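Here the structure is laid out as structure tokens; the discussion comes afterwards.
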Amino acid sequence: MTEISAAWQGLVAQLERAGSARGRREMTASTAEGWRLLERTLAAGVRPSAVLMSERAAARPSADETRVIDKLRSAGVPCVVAPDQVVHGLTGGRTFGDLLGIVSRPDIGLPALLAAAPRGGLLVGVDVLDPGNIGALTRTAHAFGAAGIVWVGGTDPRHPKALRASMGSCFCVPWTHAVASPLAVVRQLAAAGWRNVATVARGGGPLVGEITGPCAIWMGGEAHGLADDVVSACDEALRIVTAAGVDSLSVNAAAAVVLSRLRSPGDYR
């Protein structure tokens, strides 16, 4: 029989604190839930500070859980056993596996991001409200080689759902959640030498060919896209040409189309 650790209450308190945006901001951390996300966290070089596991996972782990628990322990990550009902209360009935970790998610700030980013492409997401879309956009930005992501307004990029949807890409792409207005961010990027390109559903020029140079791709939120004054402040506005009767794409699909033009296919391995 697996012994329940006396330390589980303290770790549960940390996980519960990370259940709010304020708690995540104060901790500069979030939660990684399930064996798959924890494995990708380790693969990205990020070491959870601790992992909570259920009695069941400790005593009768699946093959996937066994592999990941072994990796966690090899990395020196404390693995704390708690009662099944406690862990199930934290997972809320989700079925990603009875493993929950505390992981660092530092916001490096816009000046540091711009200083560190190679002169490729940035993704700027404005008022993206669904944390699932935050995660999906992060995965898309990672897939197409974006140098970083700037979130302006919208929901908390540290939201656990955003981490799950990113499938580990959130640990591979530098990011910041800007507190300035979109117009102020446009000016900051321009002053740092980035060309601001707005994506629009109507108007603008058709997206053809590659997008070159240090370029910040601006994507609006799910409901209304980018505000007119933000589009006007950008250097260029691009529209994805779609079939008749289709007036727009989802924010993640649109980002994938535009970001795929930042580099030629020959640049990928």
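Computed from the coordinates by the stated procedures, all read-outs in this text should not be read as laboratory data. Here the structure is a predicted model, which is why all the values come from computation and not from measurement. Here the Cβ positions follow ideal geometry from the backbone for every residue, glycine too, while neighbour counts run over all protein chains shown.
Laid out as a table, the results:
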| read-out | value |
| --- | --- |
| Burial ordering of PHE171, PHE96, fewest other beta-carbon atoms within 10 Å first | PHE96, PHE171 |
| Top positive-direction residue, dipole computed over segment 134-249 with Cβ charges, set ILE240, CYS172, GLY205 | CYS172 |
| Sum of side-chain charges, GLY168 neighbourhood, beta-carbon under 13 Å (Lys, Arg +1; Asp, Glu -1) | +3 |
| Distant-in-sequence amide H partners of VAL124 (H built 1.01 Å from N, under 5 Å) | VAL150, ILE217, TRP218, MET219 |
| Cα-only Debye scattering, segment 8-104: base-10 log of I(q)/I(0) at q = 0.16, 0.22, 0.23 Å⁻¹ | -0.58, -1.14, -1.24 |
| Mean Cα-pair separation over length for the chain, i.e. relative contact order, pairs under 8 Å, 6 or more apart, % | 18 |
| Segment 48-199 - Rg over Rh from alpha carbon coordinates, Kirkwood radius | 1.07 |
| Ranked ASP64, ASP229, ASP130, criterion: other C-beta atoms within 10 Å, fewest first | ASP229, ASP64, ASP130 |
| Space enclosed by the convex hull of the alpha-carbon atoms of the chain, per residue, Å³ | 142 |
| Calculated on alpha-carbon atoms, Rg and Dmax of segment 110-267 in Å | 14.2, 43 |
| For segment 175-189, 3J(HN,Hα) per residue [Karplus equation, 6.51 cos²θ - 1.76 cosθ + 1.60, θ = phi - 60°, Hz, x = Gly/Pro] | 8, 8, 10, 5, 8, 7, 6, x, 5, 5, 5, 3, 5, 5, 5 |
| Cleavage-rule hits, trypsin sites (Lys or Arg not before Pro), segment 62-159, DSSP coil, Cβ neighbours within 10 Å at most 11 | ARG119 |
| Karplus-derived HN-Hα couplings along segment 214-231 (A = 6.51, B = -1.76, C = 1.60, θ = phi - 60°), whole Hz, x at Gly and Pro | x, 10, 9, 8, 9, 10, x, x, 5, 8, 10, x, 7, 5, 4, 5, 6, 4 |
| Per-residue Cβ neighbour rank within 10 angstrom, fewest leading, LEU72, LEU11 | LEU11, LEU72 |
| Helical mean residue ellipticity (222 nm; -39500 (n - 2.57) per DSSP H run of 4+; nearest 500) of the chain | -10500 deg cm²/dmol |
| Packing-based order for 18-24, 191-197, using average beta carbon neighbours within 10 Å, highest first | 191-197, 18-24 |
| Counting DSSP beta bridges with both ends in the chain, the antiparallel % (nearest 5) | 25 |
| log10 of Debye I(q)/I(0), alpha-carbon scatterers only, for segment 183-269 at 0.14 Å⁻¹ | -0.49 |
| Percentage relative contact order, segment 8-104, counting C-alpha pairs under 8 Å, at least six apart | 44 |
| Theoretical FRET efficiency, 1/(1+(r/R0)^6), r = Cβ-Cβ of ALA184 and LEU249, R0 35 Å, to 0.05 | 0.80 |
| Only Lys, Arg (+1) and Asp, Glu (-1) charged, at Cβ; the chain dipole about Cα centre in debye | 460 |
